[in-house]
Each structure stands twice: as structure tokens, then as C-alpha cells.
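Engineer: Provided herewith is a single structure, encoded as C-alpha cells, for subsequent inquiry.
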Amino acid sequence: MNALLIHNDNLPTILINNFKNQLKFDIGQAKILEYDFSFDKEAHNQLYKAFKGEKFNVIFIPYSLSTNNYLELSGLRIALHIRLTDEFNHKTIPIVFIAHETKEQIAKLSDYGSFLFSSGTFSTTKFEYRQLEQQYEWIINNWRTDNKPSLSFSEYNKFLSRIKIKPPDSHQSNHSLTNEWAMYKWSKALGNLGDENEELGLIDNTVSTDLYFKYLIAVNKIEQSDIGTSLELGLKNKGKVLLIDDEANKGWYEIFCTLLCDNNPKMIDFHYIDDNLLRHKSQEEIIKLCKEEVLKIKDLPDVVILDLRIHPSDFTAESINEMTGFKILKEIKKINPGIQVIIFSATNKIWNLQALLKEGADDFIIKEGIENSADDNFSYETITKFIESINTALDRKFLKEISSICSAIKGRLVNEFIDDKDPYMDFIKDSKIQIDLIKLSSLNISHLDSMTLDVVFLNCYNYLEKFKNYYVKNKNLNIVLGLDEIEMNKYYFSKGRAINEGKFIKDKREDKPSWFNSLAGIFIDYFEIANLNSVDIKNLNSVKNWRNDYIHNDKSYFKKVELMLIFNLCLKATNGIRE
């Protein structure tokens, strides 16, 4: 007969010897003691070898394959692997259990009892080969009137509706379940992308060998998608990205490499923290390690993809404020508020998202949970949202440079040695207040509202104007600069170049030098950090023109490149500062 017998030498030897096709399911003690041993993975691998290139009509198997513990019912679990695995190509064929007990007795001992009463599942208390052969012939010839001894589509769906597979003990937290399920769904969605298929296949193998996930896959009817070839995965900007996730090594690293690096060659400098480094550490140690990794990256990362739950204590935390990821977010923003942080977590509680936003999180990506699997478009929409978030974050990486410039300016504005009543002290204090305003307003820059950037530009313009107001002074009919009262020249810009007309002498008492004339004089004559041909002088003229056009409604908004230009002028001016 064309049947497969699965056993572990726990059936009569004469019966075993009569079967031409058989699988001795035996797991050595050494294998069991391995730290990453998985019964499901071992069962999957042995069954895969047994079924490869074969097509059996019936499978015979005892309820238990253990030689020590009959009640562990591993045969029942293996039978479910066969029913739930497309890869074996035997999921609808009849299965006959061999035992002294009836299926009614076994059903009382197992959570899978309903499986024993589903179509295509039989049991026998006979142990002689001829008796099993007779049952085989009855199944082939008499079980179905249509001479097709296998489950119909409706019968298989009925089987799926009756059984209930519980998550294994190794997945006690919803965090692990969601992570592995999300990785599986993303790897399926991206399976046709090419370069990382081997690595993505490893994720598939990790999840699809687990009985619980096989059940979820069957119930949700998940197949490899071709959306990977239809997704718009192109990135518009280069940048440095850091992944902080306690399950990075399990698959997220490979998935993000596929999305960010393989599809965008030489665009992304991708870093991640090996999750092995995070194990067996206190929450404080993890936070310290992550902070060090952020600082280790040259010029800091532009984007951090951050999980919320990284330490075991996070799963019992009563408040998001106690979670490791939340605390890491705060530390990153202390280092540089302009680093873009995308929270990548299973949380979808609105109060958690609000707390993260308040602390400076720049975006959120919700990891795909099992409850979302009914929506066929969820993976597509989530991956699309992720790419959009990365593109937006990279487009906003200039905020990191702005924050660094603001810190450098603030550090240059020292005043410990100045008398409190000195006008210079007032100038320094006023400048500090203005730079704090600039930094605060820059944190509110939104790609959805150009006016938020305009506000920062105008605040920078006002910062430079404070130099004009402090350094430029009237002395009779002359204009002088600073404490040294250096006579200021009359500068203007014409035909693409700066021109010096000589000393600024007022024709009338109310004559005043323009904003450009004043800043050019400060840069050239007082700070001596520029000359007529310097690019900084040309840039001062451009800033003046942009601001005037904006004020007179001839310019709709300021561009990022214009904002960075005026920031660098603010830094240059501050570096040259003196009494």
C-alpha cells in the first residue's frame, strides 16, 4: 500500500518492518539540550525530508512518539503539522492514528481533541499489518463516493474552524508574537525583491516551522505577495539610519536592509545594535549602551528606528514613562533634538502615542499584529507608510545640523566676566534669548506647514539684526562700529558683487545704514572675518533679498537651503563676536 508510517520504534517490530515507507521520528538527547531547540522546527524538518518528492495516500501514526512518556501525544502534534503545511503537499490526505485507546479517550487528554473528529481523521486499535492494510483499502475505495480519498475544500475549512492552536510557551508576551508575525508578513510581502531573498527566507523558516504560526497562516490564508515589486521603495535622500530593537537579529535587520539598502544602493549607511548586546542587562545598562551607540556614529545618526519594549520589565510597566524605549527616546533628544526618531512598536494606544509625541518622537509605525491579518492590504499600507516615514525623516535631517549650530552658538555666547550693567552683557543675554527662541521654533518645523520654517528663518534674521543694533553706532555725522568706534564703510551690492564706496558719511542726521550695509561692515571692518569677495557677503545680500521679497509678498516661503545658509551666517557672526 502507498502509505507512510511514522513511528519511533514504539510499535510492534513486525508491523514496522512490513511498511515500505516509514519515518522513524527520533530526536536525540543532545539535540533537545541545544539552547535554541524547537520541537516544531525539528518535526517540520524531518517531515519535509519524508514528503519531499513523494505522494502518499494515507498516513499512519501513533498518538505518542515518546518511548518514555506516552501522554505527551507528540504524534497528534505531528499530524497537525501535516494538516497545516502546504509545503508538504499532504495536508488533505487521510490520517490514521494507531493506539489502544479510542479517539474519545485521547480527546479528553489533549487541547487538540476536536482535530480527532474532523473529516479525514481516523483511529484504530489494531496493530497487525494486514488489519491496517484493510483500513487503507476501505479509505481508498469506500470512504468517498467520488473515489477521491482526500479532504474537500469545504471540509478543510471546517477543520480550520474547529481547531484552536495555542501559542507556545516561548511566546508568552504579545511583543514576541507580534514581532515574529510582523516579520513574517513583511518578508512574505517583500519576497520578490531579489537581493535579500535568502535572508528573508530565514525569517519565513523561523515562523513557518512553528505550529502556532502555521495555524495562523492557514486560517488567514497568507501567500507570498508580489507587492514588493509594485511598492514605491525609492528614497530621495542619503543618510545614516540606526535600528534599536531587541529582536533585530531575528529578522528586522534583514528586512530593513532589503528595504533601505538593497533597493537604494549607496543611499543609506545602516547601523543596528546587535540584540545579543542587550540581553541580560539592566534597563539602565541598556539605555547607556544605546546612548553610546548613537554617539559612536560619526556626526550622529540622522534617523533612529526605535522599539518601545526592549527590557523584560517593559511588559509589566504600568506607564509608558517606565518603558526602556521611551527613556532612550529622551536620551537621544538630549543628545540632539534634530535626530529623527521613528517609533516602531506594537503599541496603538492613543495615550502612549501622545506621550511619545510630547517627548519628541517624530513618527510611529505600528508593527503588524495578528489581529490585523484579516486586512489583506495592511502589510502593503504599513510598508508604504514606513518608506514615507523614512523619506520624511531624511528630508528633515537638516534639523540635526540646526540643533548643532544652535548649541555651538549658545556655547560661544559667554558672559561670566562681563559686568551686569554693561551694554555688552545685555546684548549677550538678548542674543541667548533669541537663539533659544530659534531652537524652540526649529523643533516645530513641519513638512506639512511651510510657515513653520518661515518663522525660524525670520527669527534668524532678527538674531543678525541684533548685531546691527548693538555694533552700529552714530557719532556725529559718521557711523562707527563697536567699542573701538571703527569708522564704517558704505557697502552695497550691485551686478553680483559687493562694492565699497568709502566711509559712511550721513548726508542727513536721519540717514542710517541698511541691514546689508551694517552686517557687511561688521563682518569686514569690525570682526575681520570677511572681505568684499567673500561668499558670506554675497550670502548676506541674498538673505536680505529673500526676507524683503517675503515681507512684500513676492516670495511665498523660504527653502531649507536658504534656512541653512542664514544659520551658517548666524554661526559665523557669533564666532566673530567681541565687545
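The values are calculated or read from the model by the stated rules, or taken from the named source; none is laboratory data. Keep in mind the model is a prediction, meaning the values are calculated, not measured. Here the Cβ is made from the backbone with ideal geometry for all residues, glycine too, and neighbour counts use every protein chain on show. Heavy atoms of the whole protein, side chains included, go into the accessibility calculation; ligands, DNA and RNA do not. Shrake-Rupley method; radii C 1.70, N 1.55, O 1.52, S 1.80 Å.
Engineer: When you scan the stretch 521-579, how many residues do you find that are outside any helix (DSSP H, G or I) and either closer than 16 Å to Ile405 by Cα or charged (D, E, K, R) (or both)?
Structural biologist: Count: 8.
Engineer: Considering only the stretch 164-279, give the helices (runs of 4 or more DSSP H) lying wholly within it that have at least 3 residues that are in contact with a helix residue (DSSP H, G or I) (Cβ under 9 Å, 6 or more places away or on another chain) and modelled with pLDDT under 75.
Structural biologist: Here the list reads 174-189, 197-208, 227-230.
Engineer: Another question about this same structure. Scan the stretch 327-359 for residues that are over 23 Å from Ser441 (Cα atoms) and hydrophobic (A, V, I, L, M, F, W, C) and jot them down.
Structural biologist: Hits for the stretch 327-359 are Ile328, Phe344, Ala346, Ile350, Trp351.
Engineer: Cβ-Cβ below 7 Å, separation at least six or inter-chain, first residue in the stretch 486-498 and closer than 12 Å to Pro513 by Cα, second of a type in the set (Gly, Ala, Ser) and surrounded by 15 or more Cβ atoms within 10 Å (Cβ to Cβ): which pairs?
Structural biologist: Met488/Gly521; Asn489/Gly521; Tyr491/Ala498; Tyr491/Ala520; Tyr491/Gly521
Engineer: Still on this structure, please answer the following. For residues that are within 21 Å of Glu54 (Cα to Cα) and of a type in the set (Gly, Ala, Ser), tally how many sit in the stretch 1-36.
Structural biologist: Selection size over the stretch 1-36: 1.
Engineer: From the residues in the stretch 349-383 that are more than 22 Å from Glu247 (Cα to Cα) and in contact with an Asp or Glu (Cβ under 9 Å, 6 or more places away or on another chain), which one is modelled with the highest pLDDT?
Structural biologist: Glu381
Yes or no, residue by residue, for (1) loosely packed, with under 13 Cβ neighbours inside 10 Å; (2) within 54 Å of the chain's Cα centre (by Cα):
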position: Leu132; (1), (2): no, no
position: Tyr136; (1), (2): no, yes
position: Asn141; (1), (2): yes, no
position: Pro149; (1), (2): no, yes
position: Tyr156; (1), (2): no, yes
position: Phe159; (1), (2): no, yes
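Conditions (1) touching a strand residue (DSSP E or B) at 6+ places or on another chain (Cβ under 6 Å); (2) at pLDDT 95 or above; (3) of a type in the set (Phe, Trp, Tyr); (4) open to solvent by 70 Å² or more (accessible area, probe 1.4 Å), marked per residue:
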position: Phe427; (1), (2), (3), (4): no, no, yes, no
position: Gln434; (1), (2), (3), (4): no, yes, no, no
position: Leu440; (1), (2), (3), (4): no, no, no, yes
position: Ser450; (1), (2), (3), (4): no, no, no, no
position: Tyr461; (1), (2), (3), (4): no, yes, yes, no
position: Leu464; (1), (2), (3), (4): no, yes, no, no
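Engineer: Right, here's the next one. Could you tell me how many of the residues in the stretch 526-540 are closer than 15 Å to Leu571 by Cβ and among the basic types (Lys, Arg)?
Structural biologist: Final tally of qualifying residues: 0.
Engineer: If a residue has to be acidic (Asp, Glu) and at positive phi to count, how many in the stretch 252-296 make the cut?
Structural biologist: Restricting attention to the stretch 252-296, the residues satisfying the condition of being acidic (Asp, Glu) are 254, 262, 269, 274-275, 284-285, 292-293.
Add one more test, that the residue is at positive phi, and what stays is none.
Residues in the stretch 252-296 being acidic (Asp, Glu) and at positive phi: 0 in total.
Engineer: Right, another one. Which one of these is assigned by the TED database to the domain that holds Trp546, in contact with a Ser or Thr (Cβ under 6 Å, 6 or more places away or on another chain) and either part of a strand (DSSP E or B) or at pLDDT 90 or above (or both): Lys473, Lys468, Lys490?
Structural biologist: It is Lys468.
Engineer: May I pose another question? Quick check: anything in the stretch 341-351 under 25 Å from Glu368 (Cβ atoms), touching a Ser or Thr at 6+ places or on another chain (Cβ under 9 Å) and among the basic types (Lys, Arg)?
Structural biologist: Looking for residues that are under 25 Å from Glu368 (Cβ atoms), touching a Ser or Thr at 6+ places or on another chain (Cβ under 9 Å) and among the basic types (Lys, Arg), one finds none in the stretch 341-351, hence no.
Engineer: Another one. Take Phe117 and decide whether it is of a type in the set (Phe, Trp, Tyr) and surrounded by fewer than 16 Cβ atoms within 10 Å (Cβ to Cβ).
Structural biologist: Against the criterion (of a type in the set (Phe, Trp, Tyr) and surrounded by fewer than 16 Cβ atoms within 10 Å (Cβ to Cβ)), Phe117 qualifies.
Engineer: Additional query: Among the residues of the stretch 481-521, write down those that are loosely packed, with under 13 Cβ neighbours inside 10 Å and within 15 Å of Asp536 (Cα to Cα).
Structural biologist: Gly496, Arg497, Ile499
Engineer: Identify the residue in the stretch 84-109 that is hydroxyl-bearing (Ser, Thr, Tyr) and in contact (Cβ under 8 Å) with a residue 60 or more places away in the chain and, among all such residues, is least open to solvent (accessible area, probe 1.4 Å).
Structural biologist: The extreme case among them is Thr85.
Engineer: Under the condition of being of a type in the set (Lys, Arg) and modelled with pLDDT of 90 or more, which residue from the stretch 118-161 is farthest from Leu76 (Cα to Cα)?
Structural biologist: Top of the filtered list is Arg130.
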